Amino acid sequence: MPKVARLVGDLAGKKIAVWGLTFKPKTDDIRCSPALLMVGELQRQGAVVAAFDPIAESNCRKAGFEIEYARQPLDALVDADCLVLITEWDVFRGLDRNEMKRLMKSPNVVDGRNVYDKAEMCELGFNYLSVGR
């Protein structure tokens, strides 16, 4: 959470895109998912959350998570102040970084799984923070 605030400041009214809601890729299991803790904290601080997960949306809806669910990963980025990548689904690796940046209100990325190359993201003009490196 501090990394998101470092990039966007006060979260009230900010749109945060979250990619990946499961605790690991290739499962629809949301139990103990750090993404859901992050979503809850973002909402408590006043952020609007738009999320994409290839298969966990149904489980999240059943669990009562009231967020905006995007149909495709790039849909979550429209006018987003920041992207938080939480689960390293393969679908996120091949997306056009220039299109990602174009769709976002501000090109801020917190990559919790080190899916993207930091040097490349910075060269493309993203404000990029990763975890653990």
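The values are calculated or read from the model by the stated rules, or taken from the named source; none is laboratory data. Keep in mind it's a predicted model, so treat the numbers as computed, not measured. Every residue, glycine as well, gets a Cβ built from its backbone with ideal geometry; the counts of neighbours run over all protein chains shown.
Residue 117 fulfils the conditions (1) among the acidic types (Asp, Glu); (2) within 17 Å of residue 7 (Cα to Cα); (3) more than 12 Å from the chain's Cα centre (by Cα) except for a single criterion, (2). For the residues 83, 103, 124, 95, the requirement of being of a type outside the set (S, T, N, Q), at pLDDT 95 or above and touching a strand residue (DSSP E or B) at 6+ places or on another chain (Cβ under 7 Å) singles out 83. Residues that are surrounded by fewer than 21 Cβ atoms within 10 Å (Cβ to Cβ) and in contact (Cβ under 8 Å) with a residue 40 or more places away in the chain within the stretch 68-111 comprise 70, 79, 88, 90, 105, 106, listed in sequence order. Residues in the stretch 12-22 that are of a type in the set (A, V, I, L, M, F, W, C) and either crowded, with 21+ Cβ neighbours inside 10 Å or in contact (Cβ under 8 Å) with a residue 40 or more places away in the chain (or both): 16, 17, 18, 19, 21. Within the stretch 1-51, the residues that satisfy the criterion of being under 18 Å from residue 129 (Cβ atoms) and in contact with a Gly (Cβ under 7 Å, 6 or more places away or on another chain) are 11, 35. The set of residues in the stretch 39-67 being out of contact with any strand residue (DSSP E or B) (no Cβ under 6 Å at 6 or more places or on another chain), among the hydrophobic types (A, V, I, L, M, F, W, C) and surrounded by fewer than 22 Cβ atoms within 10 Å (Cβ to Cβ) consists of 55, 63, 65. Identification of helices (runs of 4 or more DSSP H) wholly contained in the stretch 22-125 with 3 or more residues that are in contact with a Leu (Cβ under 7 Å, 6 or more places away or on another chain) and not hydroxyl-bearing (Ser, Thr, Tyr) yields 34-44, 73-77, 97-103.
The residues of the stretch 74-125 include none that are on the phi > 0 side of the Ramachandran plot and in contact with an Asp or Glu (Cβ under 7 Å, 6 or more places away or on another chain).
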